[in-house]
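Reading through the structure tokens given below for one structure.
The values are calculated or read from the model by the stated rules, or taken from the named source; none is laboratory data. Predicted model only: the values in this text are computed from it and were never measured. Reconstructed Cβ throughout: ideal geometry from the backbone, glycine too, with neighbour counts over all protein chains shown. Please note that ligands, DNA and RNA were not included when accessible areas were found on the heavy atoms of the full protein model with its side chains. Shrake-Rupley method; radii C 1.70, N 1.55, O 1.52, S 1.80 Å.
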Amino acid sequence: MGQALGCIIVGQSNVAIKEHFGKFDDVLQPGCHCLPWCLGYQIAGGLSLRVQQLDVKCETKTKDNVFVNVVASVQYRALADKASDAFYRLTNTKEQIQSYVFDVIRASVPKLELDAVFEQKNDIARAVEDELEKAMSAYGYEIVQTLIVDIEPDVHVKRAMNEINAAARLRLAANEKAEAEKILQIKKAEGEAESKYLSGLGIARQRQAIVDGLRDSVLEFSENVPGTTAKDIMDMVLVTQYFDTMKEIGASSKSSAVFIPHGPGAVRDVAEQIRDGLLQANASPNLLN
């Protein structure tokens, strides 16, 4: 109806290309326009000024001979002041952009190894954007942004990479476990050494206390019982300790009976044997010297 009356409405974020007898005449902005078709004016087509997105999937090979699929996302839009160039100079805008993306990616990725491709994907995107900006600006298009949204190696390569990563992590876990066990063993050995040191220190103090007690007992006995010699006192102390020891053996031994000599002569023999043993022990260091 509007075309029959010579009127046309151009939507927001769009422009229309007006021709006069087949020749470009003007770019119609959004709004209502009078178009006297009877005088040879017509609309050749419309052009959107919105930002459009094109996803390009490109297969290429890295420097270490791994085939990857690189997906680049290109955001672009037509410029209002160059709408005629965008409408007339390109037959298929998307194919043109795709060709430039292929060219840049296949020139950049083969220079990098697979790991570097993942690390430098922003550099690849910037190279694609720069090349597209130089090429498409002449055709009335602006490249808003270019992103490398996916880098997908071959399935077998991905599986191998995952296995390598898993093996490295298992090796690290084994090293950490061994280090932990080593620390536990060291701490255990240090604890045992400290325990033995303290035990020896306790035994030494115990023996020192026994010696001090015996000395005090001998001195006190000598003072309270006149006429006794140190030999008599030591005999009595040794015999007393002997019977205390036999009592402990009988109490802690698994057997129910302990046979020991009995009688005054036997006690005297025990005292002499203990005394002789002590004298021999004291004489041995002197002989060695």
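Rounded to the nearest 0.05, the FRET efficiency derived from the C-beta distance between Thr240 and Leu201 at R0 = 30 Å is 0.65. How big, in percent, is the set of alpha carbon pairs in the range 27-104 lying more than 21 Å apart? That tail contains 49 percent of the Cα-Cα pairs.
Per Stokes-Einstein, at 20 °C and 1.002 mPa s, what whole-number D in µm² s⁻¹ belongs to the range 72-119, with the Kirkwood radius over Cα pairs as the hydrodynamic radius?
165 µm²/s
Within the shell defined by Cβ-Cβ distances under 13 Å, the residues around Glu142 carry a net charge of 0, with Lys and Arg each +1 and Asp and Glu each -1.
Entry comment: accessible area of the range 1-157 is 57 Å² per residue, from protein heavy atoms only and a probe of 1.4 Å. Can you give me the relative contact order of the range 29-81 as a percent, contacts being Cα pairs under 8 Å and 6 or more apart? It rounds to 33 percent for the range 29-81.
Across the range 64-76, rounded Karplus estimates of 3J(HN,Hα) from the backbone phi angles (6.51 cos²θ - 1.76 cosθ + 1.60, θ = phi - 60°) give 9, 6, 10, 7, 9, 9, 9, 9, 10, 10, 10, 9, 9 Hz, Gly and Pro being marked x. Given +1 at the Cβ of Lys and Arg, -1 at the Cβ of Asp and Glu and no other charges, the dipole of the range 78-169 around its Cα centre is 140 debye to the nearest 20. Surface composition of the range 84-209: carbon plus sulfur atoms contribute 51% of the solvent-accessible area (1.4 Å probe, protein chains only, all chains present). Under a model in which nothing but the beta-carbon of Lys, Arg (+1) and Asp, Glu (-1) is charged, the range 1-144 shows a dipole of about 320 debye around its Cα centre.
With all projection directions averaged, the alpha carbon convex hull of the range 72-183 covers 9.8 nm². Karplus-based coupling profile of the range 157-162, in residue order and whole Hz: 5, 4, 5, 5, 4, 5, with θ = phi - 60° in 6.51 cos²θ - 1.76 cosθ + 1.60 and x standing for Gly or Pro.
Distant-in-sequence amide contacts of Lys63, defined by a placed amide H-H separation under 5 Å and a gap of 5 or more residues or a different chain, comprise Leu112, Glu113, Leu114.
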